[in-house]
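Structure first, commentary second.
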Amino acid sequence: MIAVATGDVARAKLLRERGADTKARGRCGAPALFHAIRGHHAEMVRWLLAEGADVGEVDDFGGTALMEAVENEDVACVDLLLGAGADVDADSNGTALSRAASREIVLRLLTAGANPAELTSEGQCAVLGLGEPVGDALSRVSVEDFQASYTRTFGKSNPERMRVPFWEAMIRCGASAYQGSSHFGEVVRRPGVPVWSAQRFGQSLTLLPDGRAVQIGGEHEDYYDADFCIYNDVFVHEKGGSLAIYGYPESVFPPTDFHTATLIGEAIYVIGSAGYQGTRRFGETPVYRLDLKTFRMDRVETSGEVPGWILRHRAIAVGQGEIRVWGGVILSQGDGGESREDNRASFVLDLRQRRWRREG
């Protein structure tokens, strides 16, 4: 194990030939692959894999070699493990993608088929080149600007370009609502009104072929927190670093989180949501179309065998005319209140006919 940890392939070969146990484990049950990765020894990882090391073997906590490589931000080891068939969706208090904090690694995992819903706000910031120091970003916002726009407001048109200095600064630094409000100290806030934040769960990120990136909705904090808020806005990041925020009337596009965003031609189709309790339309599946030229958001009325009120699912384009949806959770209303059920079926939405069909 010392030979592995130091990257000494020649000694590791000699020890193996002399009968050393190649399945030996170190502290916390970490297999040899983990120790090679921790030392950033890609050649040792390559040799271990060639010698039959199990790419899916886990430590005592259920962690995988791929998770280890991601946490150590070792691109070369990530490539080797993906090439050896590492499971990108293996979960141990989060997947490999939920641990990713560099653009290179995030993009590799997504290309390998990782669930985009596992990408954290920090991971999205890495992909978008954001992460300016909080103090630097918010120092450009006046107290007056903060007081005028520290909370969420809905757009008045479809869309409305929202030019709000505090919001833009919060996007660029990725600060939490608490960090944002703390920067302005004892500035008066209305009690029970959440502070706006771009640090979100369940926010989608779509990378466009022209270099732009689009983020949609998402929620900040848990429902019991004073700053809990589900958003219905859209961020558009241009190649040169400029930023646009679009807002929508709640009646046009309700607060949406844990949805999927599928690029089809010049539009993004937003499917599913958790939404606020009390606003869910059980038995329906919300579908919206975001026009990438005008950024107008329109509800798509569908028929057929719909998945139901679905969230945390997967979606993929099938050609230019269909979207396949699978996995996730479906919420429904039962005698005892709201119930959750794992979705074990696959559904396809025909965009031309606006009709769902069930597949398996």
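The values are calculated or read from the model by the stated rules, or taken from the named source; none is laboratory data. Given the structure is predicted, the values throughout are model-derived calculations rather than measurements. Here Cβ is always computed from backbone atoms with ideal geometry, including for glycine, and neighbour counts include all displayed protein chains. All accessible areas refer to the heavy atoms of the entire protein, side chains included, with ligands and DNA or RNA removed. Shrake-Rupley method; radii C 1.70, N 1.55, O 1.52, S 1.80 Å.
Solvent-accessible area assigned to carbon and sulfur over the chain amounts to 47 percent, based on a 1.4 Å probe. Among Pro255, Pro133, Pro194, the largest mean-square fluctuation in a Gaussian network model of the chain (Cα springs under 10 Å) belongs to Pro133. Restricting the calculation to Cα atoms, segment 1-145 shows an Rg/Rh of 1.11 when the hydrodynamic-style radius is the Kirkwood one. Spin-label model, Asp21/Asp335: points 7 Å from Cα along the beta carbon direction are separated by 5.6 nm.
Projected over every direction and averaged, the convex hull enclosing the alpha-carbon atoms of segment 304-360 yields 4.1 nm².
For the chain, modelled as a GNM whose springs connect Cα atoms under 10 angstrom apart, the maximal fluctuation among Asp74, Asp225, Asp54 occurs at Asp225. Relative to the compact-globule estimate of 2.2 N^0.38 Å, the Cα radius of gyration of segment 199-243 comes out at 1.35.
Between Ala169, Ala112, Ala69, the Gaussian network model of the chain with springs among Cα atoms under 10 angstrom shows the greatest mean-square fluctuation at Ala112. Normalised by the number of residues in the chain, the average gap of Cα pairs under 8 Å and 6 or more apart makes the relative contact order 9 percent. Backbone geometry of segment 298-303 corresponds, through the Karplus equation with coefficients 6.51, -1.76 and 1.60 at θ = phi - 60°, to 3J(HN,Hα) couplings of 10, 6, 9, 7, 10, 9 Hz, x marking Gly and Pro.
Taking square-rooted eigenvalues a ≥ b ≥ c of the alpha carbon gyration tensor, is segment 61-167 rounded, prolate or oblate, where a/c under 1.5 means rounded and, failing that, a/b exceeding b/c means prolate? Note, shape of segment 61-167 comes out prolate. Taking a Cβ cut-off of under 10 Å around Gly217, the surrounding Lys, Arg, Asp and Glu residues balance to a net charge of -2, with basic ones at +1 and acidic ones at -1. What the chain shows is 48 Å² of accessible area per residue, with the surface traced by a 1.4 Å probe over protein heavy atoms. Using C-alpha pairs under 8 Å with a sequence gap of at least 6, the mean separation divided by the residue count of segment 221-304 gives a relative contact order of 21 percent. The residues packed around Asp89, meaning those with a beta-carbon under 11 Å from its beta-carbon, carry a net charge of -2 if Lys and Arg are +1 and Asp and Glu are -1.
Note on segment 235-360: the alpha carbon radius of gyration divided by the globular reference 2.2 N^0.38 Å gives 1.09.
The alpha-carbon of Lys293 sits under 20 angstrom from the alpha-carbons of these aspartates and glutamates, leaving out residues fewer than 8 places away in its chain: Glu160, Asp210, Asp233, Glu238, Glu266.
If Lys and Arg each add +1 and Asp and Glu each add -1, what is the summed charge of the other residues whose beta carbon sits under 10 Å from the beta carbon of Phe154?
Local charge sum for Phe154: -1.
Using the Kirkwood radius over C-alpha pairs as Rh, can you work out the diffusion coefficient of segment 185-307 via Stokes-Einstein at 4 °C, viscosity 1.567 mPa s, in µm² per second? Here the translational diffusion coefficient equals 83 µm²/s.
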